[in-house]
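**Student:** Encoded as structure tokens, here's the structure I'll be asking about.
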Amino acid sequence: MYSIKKLLQDGKNIQGEITLKGWVRTFRSNRFIALNDGSTIDNLQVVVDFENTDPELLKRITTGAAIEVKGRLVESQGKGQNVELQASNISILGDSNPEEYPIQPKKHSLEFLRENAHLRVRSSTFSAVMRVRSTLAFAIHKYFQDNGFFYVNTPIITGSDAEGAGEMFRVTTLDAKNPPLNENGEVDYKKDFFGRETNLTVSGQLEGETFAMALGKIYTFGPTFRAENSNTSRHLAEFWMIEPEMAFYDLIDNMNLAEDFIKYVLQYTLEVRRDDLEFLNKRFLEEEKTKPQNERSTMSLIEKLEFVIHNQFKRVSYTEAIDILKNSNHNKKKKFQYPVNEWGVDLQSEHERYLVEKHFECPVILYDYPANIKAFYMRLNEDGKTVRAMDILFPGIGEIVGGSQREERYDVLKQKIADLHMDEATLWWYLDLRKFGTAVHSGFGLGFERLVLFATGMTNIRDVIPYPRTPQSAEF
Ligand code: 4AD
Ligand code: MG
């Protein structure tokens, strides 16, 4: 059976009677069906011979109904499409009561669609976003597979808190009504999971490192969980992360890889998903028109993608960034919610966005952060106070990548773990990597949904994942 995408591309070469199945988007004048089968953003126009069609059947051709059409492709009289399907037979596969069906052929608000998460992918916007998401995922695998990386599946259930931020969902086999208690009468979480304390992973990095130190270059691509109570348009409790890890790569190699990788996957998607991106581009421009003039983007979505693909990311040290922020008018006039007064402060998303959107006006790689605002595993610099960290900041998004060169020296890492009062006993295997054949190595994590946000021009992260998990949403 043909897909509508194929028919619209090659229709002129397809002779004879064909059969097509799909869902009705609209039905006009008892004559024209806009049919969609999910293969593309575009609908195929089906022309109904209404004089020879049972009026009872015509009534059942409603928005959302699944139908089968037999007919011949002919050159289209209408504008925009080169072929349409002249139906000789139509059958209803599944009715859709127009009184009840929530997805009408009109523009629904994103909030309304979120409440109908099981049906929203039938809207043009979500179907386009989900196809772009799928293509980006494929491009990610393709990039790594073509470049000698091996795909590793790190565990979802784990004892380690890779980021040391304590934002983990507990995994438990305990009987909630009758939990085991310790000597103080408190719930004994040490007995969580067959005698061990376990959580859903916040990052596959530490396990990924063990594989990089044998296979050379690896990547993970899997679900990641953060029990942070952040209700922002950039945070999810469950998101997908891509984490490459490379033996013998230093921080510069890591930055070069991250930049090349992001450019490749955007370029690939722009080529392969041109139809959906053109649609999302139009949507983006319409949304921009609703904003005050001075807040509108100077570029269209496609121009933004082209810009990122064809321009070098600006590389700036944390120390340079702090100077820029300290001296910015934005800071002096106290417009930042968190003013930047001194070296050592953590950067808030308002600062990141200032750097990217106002100061440099291009993607920025910030590196060499103060050690005490970053995770324990990052390679300490010779200055003794900064670490070889790098974050990539994107316009409209903020942080899209977080990565670093890893601390490969056994004694230094051991001391760091002690200084942070972390439980060394749970990290013995991680320390082993530094005992047996240690080497310089690096990696990073890319938040998949943040990449999809950027590529699609959507503004809320809940709208680029099939079923968002946030502190407020759990119904689906
Ligand atoms: O900066 P993060 O926390 O870094 C790590 O987890 C490292 N272990 C990665 C590594 O070096 N292998 O997270 C990496 C990226 C962020 O830059 C962001 O894009 C995304 O993951 N991210 C989130 N995306 C959606 N919702 C959240 N709550 C996110 N938290 C992080
Ligand atoms: Mg980070």
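The values are calculated or read from the model by the stated rules, or taken from the named source; none is laboratory data. Predicted, not measured: the structure shown is a model, and the values here were computed from it. Positions of Cβ are generated from backbone atoms using ideal geometry, with glycine treated the same way; all protein chains shown enter the neighbour counts.
Residue-by-condition table, conditions (1) touching a residue at least 12 places away in the same chain (Cβ under 8 Å); (2) within 14 Å of ligand 1 (Cβ to nearest atom); (3) in the same structural domain as PRO223 (by the TED database):
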{"residue": "GLN415", "(1), (2), (3)": "no, no, yes"}
{"residue": "ALA418", "(1), (2), (3)": "no, no, yes"}
{"residue": "GLU424", "(1), (2), (3)": "no, no, yes"}
{"residue": "SER442", "(1), (2), (3)": "yes, yes, yes"}
{"residue": "GLY445", "(1), (2), (3)": "yes, yes, yes"}
{"residue": "PHE454", "(1), (2), (3)": "yes, yes, yes"}
{"residue": "MET458", "(1), (2), (3)": "yes, yes, yes"}
{"residue": "PRO471", "(1), (2), (3)": "yes, yes, no"}
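**Student:** Take the conditions out of contact with any helix residue (DSSP H, G or I) (no Cβ under 6 Å at 6 or more places or on another chain), outside any loop (DSSP other than H, G, I, E, B) and in contact (Cβ under 8 Å) with a residue 24 or more places away in the chain and apply them to SER96. Does it pass?
**Tutor:** Considered against the rule, which asks whether it is out of contact with any helix residue (DSSP H, G or I) (no Cβ under 6 Å at 6 or more places or on another chain), outside any loop (DSSP other than H, G, I, E, B) and in contact (Cβ under 8 Å) with a residue 24 or more places away in the chain, SER96 comes out as no.
**Student:** Read through the list (1) without any contact (Cβ under 8 Å) to a residue 12 or more places away in the chain; (2) of a type outside the set (A, V, I, L, M, F, W, C); (3) buried (at least 18 other Cβ atoms within 10 Å of the Cβ), then give the number of the only condition that SER29 fails.
**Tutor:** Of everything listed in (1) without any contact (Cβ under 8 Å) to a residue 12 or more places away in the chain; (2) of a type outside the set (A, V, I, L, M, F, W, C); (3) buried (at least 18 other Cβ atoms within 10 Å of the Cβ), SER29 misses just condition (3).
**Student:** Return yes when PHE239 is among the aromatic types (Phe, Trp, Tyr) and within 16 Å of ligand 2 (Cβ to nearest atom) and no when it is not.
**Tutor:** For PHE239, the condition - among the aromatic types (Phe, Trp, Tyr) and within 16 Å of ligand 2 (Cβ to nearest atom) - is met.
**Student:** Within the range 455-476, how many residues turn out to be crowded, with 23+ Cβ neighbours inside 10 Å and either part of a strand (DSSP E or B) or among the hydrophobic types (A, V, I, L, M, F, W, C) (or both)?
**Tutor:** Of the residues in that region, 3 qualify.
**Student:** Would you please name the residue that is surrounded by the fewest Cβ atoms within 10 Å (Cβ to Cβ), looking only at residues in the range 178-236 that are β-branched (Val, Ile, Thr) and in a strand (DSSP E or B)?
**Tutor:** VAL187
**Student:** Does the range 380-390 include one or more residues that are at pLDDT below 95 and on the phi > 0 side of the Ramachandran plot?
**Tutor:** Scanning the range 380-390, I find no residue that is at pLDDT below 95 and on the phi > 0 side of the Ramachandran plot, so the answer is no.
**Student:** Just to be sure I understand, how many residues within the range 116-151 are under 20 Å from THR220 (Cα atoms) and outside any helix (DSSP H, G or I)?
**Tutor:** Adding up the residues that qualify gives 5.
**Student:** From the list ALA162, ALA212, ALA176, which residue is out of contact with any strand residue (DSSP E or B) (no Cβ under 6 Å at 6 or more places or on another chain), more than 16 Å from ligand 2 (Cβ to nearest atom) and not polar (S, T, N, Q)?
**Tutor:** From the options ALA162, ALA212, ALA176, the qualifying one is ALA176.
**Student:** Same structure, new question: Of the residues that sit in the range 116-164 and are within 16 Å of ligand 1 (Cβ to nearest atom) and of a type in the set (S, T, N, Q), which one is nearest to HIS421 (Cα to Cα)?
**Tutor:** If we take residues in the range 116-164 being within 16 Å of ligand 1 (Cβ to nearest atom) and of a type in the set (S, T, N, Q), then SER160 is nearest to HIS421 (Cα to Cα).
**Student:** Residues in the range 446-458: is at least one over 21 Å from GLU350 (Cα atoms), away from ligand 2 (no atom under 13 Å from the Cβ), charged (D, E, K, R) and at pLDDT 95 or above?
**Tutor:** No: the range 446-458 contains no residue that is over 21 Å from GLU350 (Cα atoms), away from ligand 2 (no atom under 13 Å from the Cβ), charged (D, E, K, R) and at pLDDT 95 or above.
**Student:** State all residues of the range 33-49 that are surrounded by fewer than 16 Cβ atoms within 10 Å (Cβ to Cβ) and over 30 Å from the mean Cα position of the chain (by Cα); if no residue qualifies, say none. Give the steps one after another, and end with the answer.
**Tutor:** Initially, the range 33-49 is screened for residues surrounded by fewer than 16 Cβ atoms within 10 Å (Cβ to Cβ), giving 38, 49.
ASP49, the sole residue that qualifies.
**Student:** Just the residues that are free of Cβ contacts under 8 Å to residues at least 40 places away in the same chain and part of a loop (DSSP other than H, G, I, E, B), please, taken from the range 32-59.
**Tutor:** ASP37, SER39, ASN43, ASP49, THR53, ASP54
**Student:** Return a yes/no flag: does the range 330-351 have any residue that is in contact with a Gly (Cβ under 9 Å, 6 or more places away or on another chain) and at pLDDT 95 or above.
**Tutor:** The answer is no, given that none of the residues of the range 330-351 is in contact with a Gly (Cβ under 9 Å, 6 or more places away or on another chain) and at pLDDT 95 or above.
**Student:** Further question on the same structure: If I filter the range 280-287 for residues that are surrounded by fewer than 17 Cβ atoms within 10 Å (Cβ to Cβ) and under 16 Å from PRO363 (Cα atoms), do I get at least one hit?
**Tutor:** Scanning the range 280-287, I find no residue that is surrounded by fewer than 17 Cβ atoms within 10 Å (Cβ to Cβ) and under 16 Å from PRO363 (Cα atoms), so the answer is no.
**Student:** From SER109, SER124, which residue is small (Gly, Ala, Ser), more than 26 Å from ARG434 (Cα to Cα) and buried (at least 17 other Cβ atoms within 10 Å of the Cβ)? Talk me through it step by step, then tell me what you get.
**Tutor:** Values: SER109 fails: buried (at least 17 other Cβ atoms within 10 Å of the Cβ).
After ruling out the rest, the residue left standing is SER124.
**Student:** Restrict the check to the range 366-375 and report whether at least one residue is in contact (Cβ under 8 Å) with a residue 24 or more places away in the chain, touching a helix residue (DSSP H, G or I) at 6+ places or on another chain (Cβ under 6 Å), within 30 Å of MET299 (Cα to Cα) and not β-branched (Val, Ile, Thr).
**Tutor:** Checked the range 366-375: at least one residue is in contact (Cβ under 8 Å) with a residue 24 or more places away in the chain, touching a helix residue (DSSP H, G or I) at 6+ places or on another chain (Cβ under 6 Å), within 30 Å of MET299 (Cα to Cα) and not β-branched (Val, Ile, Thr).
**Student:** Can you pull out the residues in the range 399-438 that are within 16 Å of ligand 2 (Cβ to nearest atom), out of contact with any His (no Cβ under 7 Å at 6 or more places or on another chain) and not hydroxyl-bearing (Ser, Thr, Tyr)?
**Tutor:** Matches in the range 399-438: GLU399, ILE400, VAL401, GLY402, GLY403, GLN405.
**Student:** Quick check: is even one residue across the range 329-340 of a type in the set (Val, Ile, Thr), touching a Cys at 6+ places or on another chain (Cβ under 9 Å) and in the same structural domain as LEU257 (by the TED database)?
**Tutor:** No, the range 329-340 contains no residue that is of a type in the set (Val, Ile, Thr), touching a Cys at 6+ places or on another chain (Cβ under 9 Å) and in the same structural domain as LEU257 (by the TED database).
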